[in-house]
Each structure stands twice: as C-alpha cells, then as structure tokens.
Amino acid sequence: MSDRRPRTVSAFLHNGRGEVLVQLRDSKPGLRFPRCWSTLGGAMEAGESPEQAMQRELIEEIEICPPLTFWRTFDHRYAYRGQEVEVQVHAFTGLLDMPAEAVRLHEGERVAWLNAADIERLPFAFGLDALFREFFATYDHRNHTGDHLSSQRRNGTS
C-alpha cells in the first residue's frame, strides 16, 4: 500500500541570534489558515526530492536559498474544519542573517524573526507551532554554521 499523505517541505531559517524566520500567510479567500504564521515552504511536486522542493519553494517565495541542512521528517497531524489531517513534513534548517525588511517576499503578507517566546503567543497555520517548539528545543543559536541541532535528534521522526 502506498503512502498517500501529502508530502511537504518546511524551512527553519535562523539568524544565529535565537530567532527563526516566519511568514504571515495571506488573507485571500479560500486560503487555509489566513493571517496565521507559517514556515516558508509548501507541497512537494510529483517527482521532486525534498531537497529540490525546498530549494524551489525558497526561490519562489523569497528569491534566495541559503545553504540548507536536512533536519528531520515529521509525521505531522493538525486539525482543519473539524477533521484531522496528516502530512509528511521534510524539515530543513539554514542560516540567513539579514533584516526581515530586506527579504523579498512573493507569497504571504510579510516575514518576521521570532524567538521561542513568540511562538506561544501567535496563531500558527497547520499546527506548525509544534514543529517550531521542537526546533527551539534542539536549537543552539551560538553555532552559526547551520548545523545547530543536537546529533541524537537530527534524523528522528515524530
């Protein structure tokens, strides 16, 4: 039996100061989770590897793709209109040290740098606040190489 869960990619781009870049989604009619915060990323297209999809999404959304490190794959569940949705999320990390105002955003309303405390006070799309909590639980902002996650958790699934 094949796995029919949607496959997605998410970028956890950090600035080396304990913050991660997030995107405020549009308020377009019919868009799921309008005006909620999210990662940069999206659905994988047929035949794409997670790496190819992540690079494509970043170029489409912000015109830049910094060096990325595969972090882990999440078997993620969230609620939408009373239904449970299950997706597979391929998560990547990377260092992007530039002001949010300098990011050329093509999808969404704006981007911002958030820290772990911000995650608890803002609305997130697709239940992604859980993935942000996991990121900050394993994040070492002192390491500026992008390889900042503890090795024992790097390739696990949840």
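The values are calculated or read from the model by the stated rules, or taken from the named source; none is laboratory data. Because the structure is predicted, anything quoted here is derived from the model rather than measured. Cβ placement follows ideal geometry from the backbone for every residue including glycine, while neighbour counts extend to all protein chains displayed.
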Would it be correct to say that residue 84 is modelled with pLDDT of 95 or more and either farther than 15 Å from residue 9 by Cα or among the charged types (D, E, K, R) (or both)?
no
Of (1) assigned to a helix (DSSP H, G or I); (2) at pLDDT below 95; (3) of a type outside the set (A, V, I, L, M), residue 72 satisfies every one except (1)
Taking segment 1-47 and keeping residues under 25 Å from residue 121 (Cβ atoms) and of a type in the set (Lys, Arg) leaves 17, 25, 28, 32, 35
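Mind checking which residues of segment 4-27 are farther than 17 Å from residue 69 by Cβ and not in a strand (DSSP E or B)?
So in segment 4-27, the residues farther than 17 Å from residue 69 by Cβ come out as 4-8, 17-19, 22-27.
If the condition is that a residue be farther than 17 Å from residue 69 by Cβ and not in a strand (DSSP E or B), then 4, 5, 6, 17, 18, 19, 25, 26, 27 are the ones that fit.
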Considering only segment 124-133, I want to know if a residue exists there that is at pLDDT 90 or above, in contact with a Lys or Arg (Cβ under 8 Å, 6 or more places away or on another chain) and within 15 Å of residue 19 (Cβ to Cβ).
no
Mind listing whichever residues of segment 70-104 are more than 14 Å from residue 20 (Cβ to Cβ) and crowded, with 16+ Cβ neighbours inside 10 Å?
72, 73, 74, 76, 78, 87, 88, 89, 90
In segment 30-59, what residues are surrounded by 16 or more Cβ atoms within 10 Å (Cβ to Cβ), among the aliphatic types (A, V, I, L, M) and within 13 Å of the chain's Cα centre (by Cα)?
40, 53, 54, 58
Could you go through segment 110-129 and let me know if any residue there is basic (Lys, Arg), part of a strand (DSSP E or B) and exposed (fewer than 15 other Cβ atoms within 10 Å of the Cβ).
yes
